[in-house]
Amino acid sequence: MIVRKILFIVAIISALGISTIAAEEVVDHSEMSQTEHQGEQEGHESEQTEHQGEQDGHESKQTEQTEQGHHKEVVEIPPNYKVLGGFAIVNLLFIMIGVYMKWFYRKGAST
Amino acid sequence: MNKRINFLDYRLIRSFIRSRWYPGIFQWIAMGVFGVIVVELVLGTVNPSRNFGTSMTWVLWWPLIPVLFLGLGRFWCAVCPFGKVSDIIRKLVGSERPMPKFLKKYGIWLIDIFFIMITWSDHIWGIVESPRGSGYLLLLLTTMVVVTSVFYERRTFCKTLCFLGGLAGNYSRAGMLELRGTPEICKTCKSQSCFKGDRITEGCPMFQYVRTMDTSADCNLCGNCVKTCPNNSIRISPRKPTAELWGIKNPKMEHAFLAAVIMGIVFVQNITMLEIWQDILKAIGTVTQTSSYSINFTFAFVILMGLPIGMLWLTAKLATTQISGNKIRENFVRLGYAIIPLDLAGHLAHNLFHALTEGKAIWFNTVSLFGYEISGNVSLASTGVVQFLQYAVVVLGLVGSVYAVYRIGNKGKWTTLLPYYALMILFTVMNIYLFSLPMSHRV
């Protein structure tokens, strides 16, 4: 019972740990594009000020933005295989725990 | 006596739902598309305008989902890829242990918290506007599904942890489709196979017992009970939208709270996409004495999320003097459900903007998967048309909410229910005002 609870808590912590890595990644990305483009403000502020202060109507905003890719220059970055690997390992780990519990631990206990 | 329409009376529908093709065929299609979406999000371009995953998730699926809940209840949950992953994991390696008591007791509260946290994280780390962020969110949810499915029986994740499940549950209460048992048949039943399952089909994955089920909030329309019921007791019938809200037997604080939270999320989503958002942030910065986006956004977030909850509480307090004998908490809980139609309308109206002004991106990015490059204006409708539709949807939501107040309040005098009518009108005006302002795009 306690083991099960501990495993569950570990699972949640691992999952949240991965989300933190993911979050760091996203922050990194936004910081990258930010430095590329403006390098003066933080976070979202920099991305949105580009569009700000020059339009006064819904219509003008739409014409400017609805052309695909007209938002801003995007710097392509490669996939983060560390994060993806982390997800894969955590998921595989729990599947292995499932395999152990279903096919070895329980069968062993029943015999 | 009026006999209700039962879609299972139609042989073709009944045979299909009883067959092994239902809901499997839809699940495998959804799984395939989901797989491509995840791959594109985590491996494809980081340009959200060009990413197939971003446009499919946030321009097509997210706007479509409230319409599905309204029309078909929680049918999406029957075909959801996360649910299918859960089914597969449980079948292969699941321990099938009972759901922990704390999840049973606090499940909806956890959903409330997750929903708030995900919305907050989205704005701090830009999950929606970042393909990688969206991909990691989907992978995180997949991990949570895997973990819960390895240890626990049925769809424990969907029932107690999935934020979309919470949303689905609330919206489906206002939905137009219901699955129920026939009381005269169910009371003679000894097998309870709808809950327990049989040799071939699993029992209700959402822990429901059809005999006592009086809500569509926890029914996925997966058809398991239709397959397992030996007495043909199950019926699937259309109903008036919002009808379930009128007579909820056991109203719960967490559901009413979630209804208010969703309204807060609609406000957050709307306000942060406005062009004046930067000015609002600057104004907040003068209060917080910092230019940190995270701090200033969190400040705005707390206010916006607290606003509908506070307004509902205040209304419940005002109504206490009107509806003699009712306590504030009781009013909050009972009439909190009446916000759901406006939640649905606000969610739908907000996403109509994205679907209609960025809709062609779905086509452009889909053909780009096959090597064809098309670019150009992604808008499907003019701003005027979109705004007209948004206003119309919100007004429809108002009608649903006002009528729900009238019915939940036992058709009381309008003066008695005035605070609630005023609250619904206020929410409507706030939504309409926000939709009238210029808004930024997602992709």
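For a test of the definition: using alpha carbon positions, the gyration tensor, and the 1.5 limit on a/c, classify the stretch B:306-399 as rounded, prolate or oblate. Prolate shape, in that a/c is at least 1.5 and a/b is the bigger ratio.
Spin-label pair residue B:298-residue B:240: with each label point 7 Å from Cα along the Cα-Cβ axis, the two points sit 4.7 nm from one another. Over the C-alpha trace of the stretch B:336-443, radius of gyration and Dmax come out as 18.3, 63 angstrom. Each Lys or Arg adds one and each Asp or Glu subtracts one; over the other residues with Cβ under 13 Å from the Cβ of residue B:417, this totals +4.
Please report, to one decimal in angstroms, the Kirkwood hydrodynamic radius of the stretch B:117-182 built from all distinct Cα-Cα pairs.
13.9 Å
Select from B:294, B:49, B:134 the residue whose mean-square fluctuation is largest in a Gaussian network model of chain B (Cα-Cα springs shorter than 10 Å). Largest GNM mean-square fluctuation: B:294. Within the same chain, lysines fewer than 8 places from residue B:282 are excluded, and of the rest, those with a Cα less than 26 Å from its Cα are A:61, A:72.
Each principal axis of the Cα atoms in the stretch B:76-160 has its own extent, and those three values, largest first, are 37, 27, 21 angstrom. Across all directions, the average projected area of the convex hull around the alpha carbons of chain B is 23.6 nm². Calculated on the Cα set of the stretch B:97-239, radius of gyration then Dmax: 17.4, 55 Å.
Taking amide H atoms as placed 1.01 Å from N in the peptide plane, the amide H of residue B:359 lies under 5 Å from those of B:380, each 5 or more residues away in sequence or on another chain. When chain B is treated as a Gaussian network with alpha carbon springs shorter than 10 Å, the biggest mean-square fluctuation among B:58, B:246, B:125 belongs to B:125. In sequence order, the stretch B:193-209 has phi-based couplings of 5, 4, 8, 7, x, 10, 4, 9, 10, 5, x, 3, x, 9, 6, 9, 10 Hz under the Karplus curve 6.51 cos²θ - 1.76 cosθ + 1.60, θ = phi - 60°, and Gly or Pro positions carry x.
A Cα-only calculation for the stretch B:1-105 places Rg and Dmax at 18.1, 60 Å. The calculated pair-distance distribution of the stretch B:163-299 uses every alpha carbon pair, bins of 5 angstrom beginning at 0, and gives 2, 9, 15, 15, 13, 10, 8, 7, 6, 6, 5, 4, 2, 1 percent.
The fraction of Cα-Cα pairs per 10 angstrom bin, counted from 0 for the stretch B:222-304, comes to 14, 25, 21, 16, 14, 8, 2 percent, rounded to whole percents. Its relative contact order, with pairs defined as Cα atoms under 8 Å and 6+ residues apart, puts chain B at 19 percent. Couplings 3J(HN,Hα) for the stretch B:56-65, derived from phi with the Karplus relation 6.51 cos²θ - 1.76 cosθ + 1.60 (θ = phi - 60°), are 5, 6, 9, 9, 9, 5, 4, x, 6, 4 Hz, where x marks Gly and Pro.
Computed over the alpha-carbon atoms, the stretch B:283-360 gives an Rg to Rh ratio of 1.16, Rh here being the Kirkwood radius from the mean inverse distance. Where does the Debye-calculated log10 I(q)/I(0) of the stretch B:189-269 sit at q = 0.22, 0.24, 0.26 Å⁻¹, using only Cα point scatterers of equal weight, no solvent? After summing over all Cα pairs, the log10 values are -1.06, -1.15, -1.24. Among B:7-17, B:168-178, B:378-388, the peptide with the highest mean count of other Cβ atoms within 10 Å heads the list, and the full ranking is B:168-178, B:378-388, B:7-17. Taken one residue at a time, the phi angles of the stretch B:257-274 give Karplus couplings (6.51, -1.76, 1.60, θ = phi - 60°) of 5, 4, 4, 5, 4, 4, 4, x, 5, 4, 4, 4, 4, 5, 5, 6, 9, 7 Hz. Gly and Pro are set to x. Springs join every pair of Cα atoms under 10 Å in this Gaussian network model of chain B, and among B:47, B:431, B:220 the largest mean-square fluctuation is at B:47. For the stretch B:37-90 versus the stretch B:273-349, the inter-centroid distance based on Cα atoms is 28 Å.
Other protein chain C-beta atoms within 10 Å of residue C-beta, averaged over B:137-148: 6. If R0 equals 25 Å, the separation of the Cβ atoms of residue B:39 and residue A:75 corresponds to a calculated FRET efficiency of about 0.75. Quick one: Kirkwood hydrodynamic radius for the stretch B:349-396, alpha-carbon pairs, angstrom, one decimal? Averaging 1/r across every pair of different Cα atoms and inverting gives 11.6 Å.
Which value, in nm² and rounded to one decimal, describes the direction-averaged projected area of the C-alpha convex hull of the stretch B:231-388?
It is 16.9 nm².
Taking 31 Å as the limit for the C-alpha separation, the pairs B:252/B:411; B:105/B:190; B:3/B:104; B:3/B:101; B:101/B:317; B:3/B:249 exceed it in the case of B:3/B:104; B:3/B:101; B:101/B:317.
Where a number appears in this text, it was derived from the coordinates with a stated rule and is not lab data. Model, not experiment: these values are computed from the prediction. Ideal geometry is used to build each Cβ from the backbone, glycine not excepted, and the neighbour counts take in all protein chains shown.
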